[in-house]
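Structure, as C-alpha cells:
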Amino acid sequence: MQATTVKLYTLGYTELKTYLAASLFVLGNIVLPQIFHLIPQGGIIWLPIYFFTLVGAYKYGWKVGLLTALLSPTVNSLLFGMPM
C-alpha cells in the first residue's frame with residue numbers, strides 16, 4: 001500500500017492565488033446551498049453554506065478561509081436573500 005500526502009499551502013493577501021482560490025470557494029458556497037434547496041427542507045437540514053469555507057481554510061490557510069467566510073454569506077444575501 002502506498003501512502004499519499006496532502007499538500008497544504010499558506011497564501012498571503014498579496015498573492016493573486018489567494019483571491020482566486022477564495023473566489024472559487026465562494027462560488028462553491030453559493031452553488032452548493034442552491035442545490036440543497038432543491039431538496040425539500042434540504043438547506044435547513046444540511047446547512048451547507050460553510051462547507052467550502054472549511055475546505056479552503058484547511059487547504060490554503062486561514063486567510064483564504066477568512067475571505068471565503070466573509071464573502072459567502074454577503075454574496076448569498078445580495079443574490080438570494082439567504083441567510084437573512
Checked the stretch 14-45 for anything surrounded by fewer than 18 Cβ atoms within 10 Å (Cβ to Cβ), assigned to a helix (DSSP H, G or I) and of a type in the set (Ser, Thr, Tyr); matches are Tyr19, Ser23
For the stretch 44-54, does any single residue satisfy the condition of being in contact (Cβ under 8 Å) with a residue 12 or more places away in the chain, among the aromatic types (Phe, Trp, Tyr) and over 30 Å from Val6 (Cα atoms)?
no
Those residues of the stretch 46-63 which are within 18 Å of Glu15 (Cα to Cα) and assigned to a helix (DSSP H, G or I) amount to Gly56, Ala57, Tyr58, Lys59, Tyr60, Trp62, Lys63
Expected single match for open to solvent by less than 100 Å² (accessible area, probe 1.4 Å), modelled with pLDDT of 90 or more, outside any loop (DSSP other than H, G, I, E, B) and of a type outside the set (D, E, K, R) among Leu70, Leu79, Leu66 is Leu66
Given the conditions (1) in a helix (DSSP H, G or I); (2) surrounded by 14 or more Cβ atoms within 10 Å (Cβ to Cβ); (3) among the hydrophobic types (A, V, I, L, M, F, W, C), every one holds for Leu11 apart from (1)
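The values are calculated or read from the model by the stated rules, or taken from the named source; none is laboratory data. No experiment lies behind these values; they were computed from the predicted model shown. Note: ideal-geometry Cβ built from the backbone for every residue, glycine included; neighbour counts use all protein chains shown. The protein model used for the area step is the full one, side chains on, heavy atoms only, and it has no ligands, DNA or RNA in it. Shrake-Rupley method; radii C 1.70, N 1.55, O 1.52, S 1.80 Å.
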